[in-house]
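See below for the structure under consideration.
None of the figures in this text is laboratory data; all of them are computed from the coordinates on show. Keep in mind it's a predicted model, so treat the numbers as computed, not measured. A quick note on method: Cβ atoms are made from the backbone with ideal geometry, for glycine too, and the neighbour counts reach across all protein chains shown.
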Amino acid sequence: MKKRGTLKRLVSVDGSTYIGLFAVCTESVVLLPSLISDRLEDDIERALNVKSIRTTIAETSLVGCFAVGNSNGFIISSYALDSEIESLAELVAAEGLKVKIRRLPYIDRMTTAGNIILANDTVALVHPLLSNKTVEVIKESLDVKVYKGTIGRLNTVGMAAVATNRGVLVHKNATPSELEFLEEIFELPVGIGSVNFGVPLIGAALLANTKGYIAGYETTGAELGRIEDVLGF
């Protein structure tokens, strides 16, 4: 296994450097699009020190947009097919993981779970307009404390940041009050940064857990250094 903090730069996933749109990682597993190459799958497994599971959600490869997860469970888009959820449940169980898999309620008409939920194993920050019913589903499925808020004044907090059990890297335009709130609720180091040569949407181009991380190939050395400092590598 690669040692903690090893980086694998990605050439592309479906022609894109934005790995966060296509994948979701936790401390033990990474969900990947079905059509990813074997070589890239192996690189991602080694960088994050996890097992991989290939899937589609809503018959697309945008797994990172339509799903979010932690060590306790996964929240999947309301557009996900029954067959996709059943298959994912079987594959997760085959890895010896006991996690909940729930659909995002359609009541809010927000379907991109990965874009609107930022979570680690204990805390989630969510889109400020989510209903109380949806908040309860997130709380129960991920077994986390749930708070509403913004990052960089954006409601799409899942794309604006990446949170692990060691730190939270956020949009470079996050306000002082937002940073203070994140430090208070996560009780972890919080810092600003960017990916892919200045892109502030951290969650779009970075996967990370406490064992490793992987970013788009356009991410600069300075950005990589910031990732390592904030996330504790």
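Quick notes
- Here E136 and D82 are evaluated by their C-beta separation; at R0 = 25 Å the FRET efficiency comes out at 0.65.
- Order of E178, E218 - criterion: other Cβ atoms within 10 Å of each residue's Cβ, fewest first: E218, E178
- DSSP assigns beta bridges within the range 61-151; of those with both partners inside it, close to 45 percent run antiparallel.
- Sequence-distant residues sharing a close amide H with T220 (under 5 Å, placed H): N196, F197, G198
- Between P189, P176, P200, the Gaussian network model of the chain with springs among Cα atoms under 10 angstrom shows the greatest mean-square fluctuation at P176.
- Highest-first arrangement of 133-145, 151-163, 33-45, where packing means the average Cβ count within 10 Å: 151-163, 133-145, 33-45
- If you count Lys pairs in the chain whose Cα atoms are under 14 Å apart, skipping same-chain pairs closer than 8 places in sequence, the total is 8.
- K98-T175 pseudo-label distance in nm [points 7 Å out on the Cα-to-Cβ vector]: 4.4 nm
- Cα gyration tensor category, rounded, prolate or oblate, for the range 28-151 with a/c compared to 1.5: prolate
- Taking every alpha-carbon pair in the chain and binning the separations at 10 Å intervals from zero gives 9, 37, 39, 14, 0 percent.
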